[in-house]
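Here's the structure we're looking at; comments come further down.
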Amino acid sequence: METEEQAINELQKGTYDAVIIDLGLKSGNGMNICKFAREKQMKVPIIVYTGKQLSPDEEKNLKKIADRIIIKTVHSENRLLDELMLFLHQTQKESFDKTETSDLSGKMKRLSNKDHPGGGR
């Protein structure tokens, strides 16, 4: 996305497992996208990946609304990939855990009904 408006429209679709935001956009401000996601209580992890030199105040404010901040350097693409993989792994694990817990709970319920007289059928 090149603009704040485009990014916010995409975020509202709710189809993303993680978001990488560059603070430098053609139109708007990447920090506003982070704020929007947090105000709407979107559960998506946000990684800010920027070449912008942050002031201490900007960094402090950004840490409140982003999960990670990565400043672009020669080797920062590797760190970005590592962070993204970490978030995606956590998202996948949480989704798997919920499914497994739900399946296990259902199986346990069926088993316990079979053990009691009149249960299970």
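Data for the structure
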item	result
Residues that are open to solvent by 40 Å² or more (accessible area, probe 1.4 Å) and of a type in the set (G, A, S), drawn from the range 1-41	G14, G24, S27, G28
Counted residues, the range 1-26 - those being modelled with pLDDT of 90 or more and over 26 Å from D82 (Cβ atoms)	8
Selected residue (criterion: farthest from the chain's Cα centre (by Cα)) from residues of the range 51-67 that are at pLDDT 90 or above, of a type in the set (D, E, K, R) and open to solvent by 80 Å² or more (accessible area, probe 1.4 Å)	D57
Neighbours by Cβ (under 6 Å, 6+ apart or cross-chain): first from the range 55-78, in contact (Cβ under 8 Å) with a residue 40 or more places away in the chain; second surrounded by 12 or more Cβ atoms within 10 Å (Cβ to Cβ)	A66/C34; A66/I46; A66/V48
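The values are calculated or read from the model by the stated rules, or taken from the named source; none is laboratory data. Keep in mind that this is a model prediction, so the values were computed, not measured. Quick reminder, even Gly has a Cβ in these numbers, built from the backbone with ideal geometry, and neighbours come from all protein chains shown. Heads up: the accessible areas ignore ligands, DNA and RNA and are worked out on the full protein's heavy atoms, side chains in. Shrake-Rupley method; radii C 1.70, N 1.55, O 1.52, S 1.80 Å.
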